[in-house]
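So the structure is just underneath, and the comments pick up after that.
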Amino acid sequence: MPTLSTLLRGLLIPCALCFFSFTVSAQFGGGNGDGFGSAAATEEVIMPLDLISFDATLASNGVRVEWTTENESATSHFVVERTADGTTYTTIGTLDAAGYSMPGDRLHYSLVDGDPVAGTALYRLQSVDLDGTYEYSDLVEVRYTTQTAFALGVYPNPGTGSTLNVSLSGLPAGAAASVHLFDQMGRQVITQNLVTTSARSVAIPLAGRLPAGTYTLRVQHATLGTQTTLVVVQ
């Protein structure tokens with residue numbers, strides 16, 4: 001007849017993504033008493049992080065890879081990998097993770113592939129925990145050309161948050177682009193399509209004054225890629 005401890009060991013199945021608690025009971029025949037015994041065992045394993053977003057876009061110095069996480073717990077580091085054929089992957093860079101974050105807090109990371117391959121490439125993110133376990137993100141695609149990217153600027157910076165004056169040198173007059181502004185939590189607060197003028201400068205009025213803080217401005221052109229810069233509101 002197996003002992004109760006043997007039964008418990010047989011039921012403690014390793015679980016990489018769960019928290020569970022259970023009670024095991026065993027009935028024994030013979031002897032005094034009712035022959036009934038029970039014990040409780042609990043297995044607690046850290047949940048993985050939530051990958052909110054993962055993206056790769058063209059930049060003036062290569063390909064910018066950005067991602068946002070929530071609920072980090074015992075996260076060690078991140079590895080960005082690139083493939084041109086879908087089979088062979090090259091490590092582009094490694095970034096240390098914050099390790100832990102408060103529930104609901106979003107953390108933002110980025111690095112630049114300074115030597116991208118010409119043509120189409122796929123990027124993925126490997127999230128590695130302190131215990132060595134890891135997960136991969138979905139693949140994102142980027143088409144890189146040697147065509148000169150445009151330059152993005154904002155003035156005045158810092159500003160008051162009532163108007164965004166955006167300079168777009170390198171874009172021809174009449175070029176269409178999309179503008180997106182994100183706050184420190186990664187929330188999009190402005191999205192707008194614009195067409196450049198001969199002055200290569202566009203004033204974007206805001207419906208309401210932006211609260212003080214640091215924002216990320218992203219401007220995307222269909223063939224010349226994407227540029228980002230920080231906007232400080234005082």
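Read-outs throughout are calculated quantities, based only on the coordinates presented, and are distinct from any laboratory measurement. As the structure is a computational prediction, the values presented were derived from the model and not from experiment. Quick reminder, even Gly has a Cβ in these numbers, built from the backbone with ideal geometry, and neighbours come from all protein chains shown.
Which is farthest toward the positive dipole end of segment 85-205 among H180, S137, G93, measuring Cα position about the Cα centre, with Cβ charges +1 (Lys, Arg) and -1 (Asp, Glu)? Checking the options against the dipole of segment 85-205, the answer is H180.
Report the full-extension gain for the segment E141 to A212: residue separation times 0.36 nm, less the Cα-Cα distance, to one decimal in nm.
Details: separation 71, 0.36 × 71 = 25.56 nm, distance 3.47 nm.
Gain in length upon complete extension: 22.1 nm.
Each of A84, G170, V128 was placed along the dipole of segment 83-170 (beta-carbon charges, centred on the mean Cα), and the one lying farthest toward the positive end is G170. Note on segment 87-218: with charges restricted to the Cβ of Lys and Arg (+1) and Asp and Glu (-1), its dipole about the Cα centre is near 740 debye. What you get for segment 85-164, charging only the Cβ of Lys and Arg (+1) and of Asp and Glu (-1), is a dipole of about 380 debye around the Cα centre.
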